[in-house]
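Values quoted throughout were computed directly from the atomic coordinates according to the rules given, and no laboratory measurement underlies them. Note that the coordinates shown come from a computational prediction; the quantities given were computed from them, not determined experimentally. When we count neighbours, we look across all protein chains shown, and the Cβ atoms used for this are built from the backbone with ideal geometry, even at glycine.
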Amino acid sequence: MATRIVLNTISYHGKGAIEHIVPELTSRGYGKALVCTDPDLIRFGVVSKVTDLLDKAAFSYEVYSDIKANPTIENVKSGVAAFQNSGADCIIAIGGGSAMDTAKAVGIIVNNPEFADVRSLEGVAPTKKHAVFTIAVPTTAGTAAEVTINYVITDVEKKRKFVCVDANDIPEVAVVDPDMMSSMPKGLTAATGMDALTHAIEGYITKGACEISDMFHLEAIRLISQHLRGAVENTPEGREGMALGQYIAGMGFSNVGLGIVHSMAHGLSALYDTPHGVACAILLPTGLEYNADYTGERYRAVGKAMGVEGIDQMSLEEARAATIAAVKQLSADVGIPADLKEIVKPEDVRFLAESAFADACCPGNPRDTSVEEIEALYKSLM
Ligand SMILES: NC(=O)c1ccc[n+]([C@@H]2O[C@H](COP(=O)([O-])OP(=O)(O)OC[C@H]3O[C@@H](n4cnc5c(N)ncnc54)[C@H](O)[C@@H]3O)[C@@H](O)[C@H]2O)c1
Ligand SMILES: [Fe+2]
């Protein structure tokens, strides 16, 4: 079967990348932007790094910031109304996955109003038109939502998150500037960085992996393992390396899928508002142990990319164990909790397992699974 790869039309990387936002808009003839972001990013002065440039260029814009972490159907609906009332003709998404995902859903619905209920976008939605022209500016490193064809929305009523997969939602332009990430506190840097590592590893072992995605994922694993600790200490090299590493992971997993770590993480955020990266990081070693026998030599390659010494000389079993140990060590070094004891309530486990099994990321897992087996995985961490 032929492989499809979808990427941004243009992306900018490195310090000063945000200087390209205004020229990208004016050269295309856009006149007014809806800036989609969240309230904390306004408070911390992150959004003003971009809006100062818009002001300087007298480029017209309005701000929509009614977006919570793990964004909801309501956040999307009010964003659509904000776009329509603003008279904007393009979107600038500034934020982590929450703001960028909301902006993607807004841009899709504005141009495909038959999906205005939002829920009908779950899975692969047959939208006909590309989303409103969007420039995505990530402020976490992270989700890589600026280069993925996915977005994740929370259905508060049904207590679940749902994943939407649609090549029409990819932002045309991504502006990946490490200076937009430097205000992240340590815990957020660690959690979002471990989300990126989870993307790279799950994407590398997923059923749909191909040579092109392998290339992205191995390089992402290398960069993230090398730079996450530095990013948590807010070093410029650490921030730069993580900005790039998380984006490269997105170039891969967006095109080939993920696995049960993400399926299981989504339920935790829907039920307890657990930050997505924290959920992924706690579940990753358990997911790796569960999948180990279904991955051939792949964990050895992951371990090698992570810099595990002597891994070429190890037996397959030893190499797998050493790789999982390296993941656990990185997670511990950046302060991620080791289990779900403080998060999951025992009475929710069955519901969580059923939600994870039904999640869009589940079929990509290298090992075929079941509700019962997922239930056992949650319980092993409680
Ligand atoms: N689209 C995709 O492909 C994809 C992939 C993975 C995850 N996701 C989704 O993305 C969401 C998580 O996104 P996230 O982990 O980037 O976090 P987030 O967007 O939810 O942000 C979390 C908090 O961090 C704050 N924050 C963000 N950047 C900051 C900065 N530079 N300085 C200070 N504070 C900052 C935000 O204001 C917010 O309060 C989840 O809903 C998850 O399901 C999407
Ligand atoms: Fe993720």
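Some values worked out for this structure:
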item: Dipole magnitude of the chain about its Cα centre (Cβ charges: Lys, Arg +1; Asp, Glu -1), debye to nearest 20; result: 320 debye
item: Separation between Cα centres of region 213-238 and region 280-359, rounded to whole Å; result: 18 Å
item: Shape category assigned to the chain from the gyration tensor of Cα positions, a/c cut at 1.5; result: prolate
item: Cα-based reach from K49 at 29 Å (exclusive), listing lysines while leaving out same-chain residues under 8 positions away; result: K15, K32, K68, K77, K104, K186
item: Dipole axis of the chain (+1 Lys, Arg; -1 Asp, Glu on Cβ), positive-most option in G29, F351, T154; result: G29
item: Angle in degrees between helix 97-111 and the longest Cα principal axis of the chain, rounded to the nearest 10; result: 50 degrees
item: Protection proxy ranking, peptides 195-208, 128-141, 54-67, 315-328, average beta carbon neighbours within 10 Å, highest first; result: 195-208, 128-141, 315-328, 54-67
item: Ordering of 38-48, 218-228, 352-362, 73-83 by burial proxy (mean other Cβ atoms within 10 Å per residue, highest first); result: 218-228, 352-362, 73-83, 38-48
item: Top positive-direction residue, dipole computed over the chain with Cβ charges, set A243, S48, L228; result: S48
item: Whether region 10-181 is rounded, prolate or oblate, judged on the alpha carbon gyration tensor where a/c under 1.5 counts as rounded; result: prolate
item: Shape call, region 120-188: gyration tensor on alpha carbons, a/c limit 1.5; result: oblate
item: Dipole moment magnitude, nearest 20 debye, region 10-181 about Cα centre, only Lys, Arg, Asp, Glu C-beta charged; result: 220 debye
item: Rounded to 5, percent antiparallel among DSSP beta bridges of the chain; result: 20 percent
item: Simple Cβ-charge dipole of region 160-299, Lys/Arg +1 and Asp/Glu -1, about Cα centre, in debye nearest 20; result: 360 debye
item: Degrees between helix 316-333 axis and first principal axis of the chain (Cα, 0 to 90, nearest 10); result: 50 degrees
item: Helix axis angle, 276-291 relative to the chain longest principal axis, alpha carbon, degrees; result: 30 degrees
